[in-house]
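The values are calculated or read from the model by the stated rules, or taken from the named source; none is laboratory data. Predicted model, so just to flag it, every value in this text is computed and none were measured. Cβ placement follows ideal geometry from the backbone for every residue including glycine, while neighbour counts extend to all protein chains displayed. In case anyone asks, the SASA skips ligands and DNA or RNA and just uses the protein heavy atoms, side chains included. Shrake-Rupley method; radii C 1.70, N 1.55, O 1.52, S 1.80 Å.
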Amino acid sequence: MAEVLVLVEHVDGAPKKVTLELLTLARSLGEPSAVFIGNGADNAKAKLAEYGAAKVYVAGDGDLDSYLVAPKAEVLAQIVGAVSPVAVLIPSTPEGKEVAGRLAVKLDSGVITDAVGVDDGFVARQSIFGGAFNVSSSVNRGTPIITVRPNSTAPEPAPAAGAEEQVSVTLSDAAKKAKVLDRITEKKGGRPELTEAAIVVSGGRGLGEGSNFALIEKLADSLGAAVGASRAATDAGWYPHTNQVGQTGKTVSPQLYMAIGISGAIQHRAGMQTSKTIVAVNKDPEAPIFELVDFGVVGDLFNVVPQLTEEIEKRHSS
Amino acid sequence: MNIVVCVKQVPDTWAEKKLSATDKTVDRESVDGVMNELDEYAVEEALRIKEASGGEVTVLTMGPDKSVETIRKALSMGADKAVHLVDAGLHGSDALATSYALAKALGTIEHDLVILGVESTDARMSVVPAMLAERLGAAQLTFARKVEVGDGTVKIERLTDTGYDVVEAPTPAVISVVEKINEPRYPSFKGIMAAKKKPLTTLTLADAGIEADKVGLGGSATTVADVAARPPKQAGQIVKDEGDGGTKLAEFLASQKFV
Ligand SMILES: Cc1cc2nc3c(=O)[nH]c(=O)nc-3n(C[C@H](O)[C@H](O)[C@H](O)COP(=O)(O)OP(=O)(O)OC[C@H]3O[C@@H](n4cnc5c(N)ncnc54)[C@H](O)[C@@H]3O)c2cc1C
Ligand SMILES: Nc1ncnc2c1ncn2[C@@H]1O[C@H](COP(=O)(O)O)[C@@H](O)[C@H]1O
């Protein structure tokens, strides 16, 4: 059957949820092969097979981890050259999109980013201009390269062979120019990752000060949600920039998005508008966020949020 | 350091955007154009590097005649000269074609660094910088929230999912910047006057050595098959907090099975 390559996104070998989503999606288009780059493949193989990878290409040698995007595109180009897949699916993350872009140049193939679905014939569905238009597009030259947003498909297991194939890579000098000297982690642990979470609770300038993010965290924890923030909140240093939602932060598309004390500026909307259900709490009835909501509360968040959290906890314990 | 800043004119973020009915490209005529917001940060960063270590800043734009407005803005902020790649044959270029055309145009300008915004607000692909690095064989230093220029090297802090990476490369390099990097200046009156006298070179496809069949709608490797305005969202339910707003919201969440 036609081979569809899926680039594995992983943390020290543990595949991220988006990888399992892409394998699930790939099964509807052909036979998925996972491409694992970096260290830790042994931790990944079982999971990749469980979600339908017939083959797992592993490129783990050398010092691949010291470099960023360019070597990944080189590895993929090498595999595409060897096995001629019908398409390459890549997670639509900042790095994934860059890998896709470089791969497109190498293969002289079309690239489509931020797909929210891929149909027969590799027709990609996108939502553009902050959700104002639904677009479907396709690649007319080369091997379709499509980046797919997290949360676009529900991951479902479908065990397959997961046969390992080692890929030996010789990186070009050009791919080794940008070298990683250090990796700094600033993220707060414990909660689901923002782009992968089913529920996201975000706080904005309405919180008044950083310590009040405790209200947001408490609400998030009552729902098992991830915590997001508007740029006003990250710029003020109230919450880490890694949690910023919006045009220059992360794009999220959860089942439920809760905007607390956020006005709904266009740059914020750009990162959350495709969420399935949207609710907001804001004391200004004119706040633009209310144009998007399924349910909104006009009121002071310092009254509404504690009551809401308490109510959710009560319902969970009864 | 000689620096080229790639800036794009985009439809005003706040304007209602339209897609052309005939060829499904962004209708750039019917709405006001502005410099892509993120490219302002790229111009600012280029100017700061120049102010610290000398050299020249050239603005490069590919786009219709109207894009001159954006070029003028970059020049009035303080860039030294500009190159405008403008040709009817470019209309409808996708990312693959755009990166090819920009790379060709860059071939006509001497440079150590190319600085771009991390994303254009209309295409929103965030791929042109990486594609340019690939085409030029230059180091890719993208998603920078901090740039430090050394002697023949550049070091950046690259924003990541979990924090940032410190990445270093020799020049020439392609850099893209995020909005955390600086505060773009406003053009001064003096700057606006001076901009009128700054050199602006116009390039056609032939001038830049661009093969016509690799750009424009015909040369693009992606085809937009269908465009549909999303049906307007049903107006949501909005309640005023009368002391029970939190409870009401919890009831809504429960009715949707989130609780
Ligand atoms: C290039 C560029 C990129 C950007 N990228 C992003 C991005 O990625 N993400 C992003 O979010 N923004 C981004 N922005 C910024 C964006 O334009 C807005 O400035 C920002 O989103 C505002 O954040 P906010 O809604 O928290 O603050 P504000 O707009 O100040 O809104 C605060 C809201 O809280 C409400 N409020 C205040 N007190 C209370 C209370 N006690 N109870 C209830 N409600 C209350 C107010 O009514 C108000 O609506 C970007 C801007 C630029 C120029
Ligand atoms: N037509 C263009 N002319 C000049 N620069 C461009 C053009 N298109 C994209 N760019 C640059 O590439 C960046 C990323 O664009 P994109 O990949 O389309 O999101 C922008 O911020 C610009 O700096």
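For this structure, a couple of remarks:
This table checks each residue for (1) within 17 Å of the chain's Cα centre (by Cα); (2) in a strand (DSSP E or B); (3) β-branched (Val, Ile, Thr).
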| position | (1), (2), (3) |
| --- | --- |
| A:25 | yes, no, no |
| A:39 | no, no, no |
| A:46 | no, no, no |
| A:70 | no, no, no |
| A:85 | no, no, no |
| A:89 | yes, yes, no |
| A:95 | yes, no, no |
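- Residue check for residue A:105: open to solvent by 20 Å² or more (accessible area, probe 1.4 Å), modelled with pLDDT of 95 or more and at the interface with another protein chain (Cβ under 7 Å from one of its Cβ atoms): yes
- Hey, residue A:195 in a helix (DSSP H, G or I) and in contact with an Asp or Glu (Cβ under 9 Å, 6 or more places away or on another chain) or not: no
- Set side by side, the residues A:294, A:284 differ, and just one is more than 30 Å from residue B:144 (Cα to Cα) and facing chain B (nearest Cβ under 7 Å), which is A:294.
- Screening residue B:142 with (1) within 10 Å of another protein chain (Cβ to nearest Cβ); (2) farther than 18 Å from residue A:111 by Cβ; (3) open to solvent by less than 10 Å² (accessible area, probe 1.4 Å) gives one miss only, at (2).
- Search result, residues across the stretch A:42-67 that are touching a His at 6+ places or on another chain (Cβ under 9 Å) and surrounded by 17 or more Cβ atoms within 10 Å (Cβ to Cβ): A:44
- When residues of the stretch A:255-277 are limited to those that are within 16 Å of ligand 2 (Cβ to nearest atom) and under 15 Å from the mean Cα position of the chain (by Cα), the one most open to solvent (accessible area, probe 1.4 Å): A:270
- Test: residue in the stretch A:132-143 that is at negative phi, more than 9 Å from every other protein chain (Cβ to nearest Cβ), at pLDDT 95 or above and in a loop (DSSP other than H, G, I, E, B): yes
- Some residue of the stretch A:228-246 being within 16 Å of ligand 2 (Cβ to nearest atom) and closer than 24 Å to residue A:152 by Cβ: yes
- Count - residues of the stretch B:195-217 that are assigned to a helix (DSSP H, G or I), without any contact (Cβ under 8 Å) to a residue 60 or more places away in the chain and not hydrophobic (A, V, I, L, M, F, W, C): 1
- Residues of the stretch A:302-317 that are open to solvent by 10 Å² or more (accessible area, probe 1.4 Å) and touching a residue at least 60 places away in the same chain (Cβ under 8 Å): A:302, A:306, A:313, A:316.
- Residue B:71 vs. criteria surrounded by 24 or more Cβ atoms within 10 Å (Cβ to Cβ) and among the aliphatic types (A, V, I, L, M): yes
- Here residue A:251 clears all of (1) modelled with pLDDT of 95 or more; (2) in contact with a Gly (Cβ under 6 Å, 6 or more places away or on another chain); (3) surrounded by fewer than 24 Cβ atoms within 10 Å (Cβ to Cβ) except the condition numbered (1).
- Those residues of the stretch A:208-262 which are away from ligand 1 (no atom under 12 Å from the Cβ), among the charged types (D, E, K, R) and within 10 Å of another protein chain (Cβ to nearest Cβ), in sequence order: none
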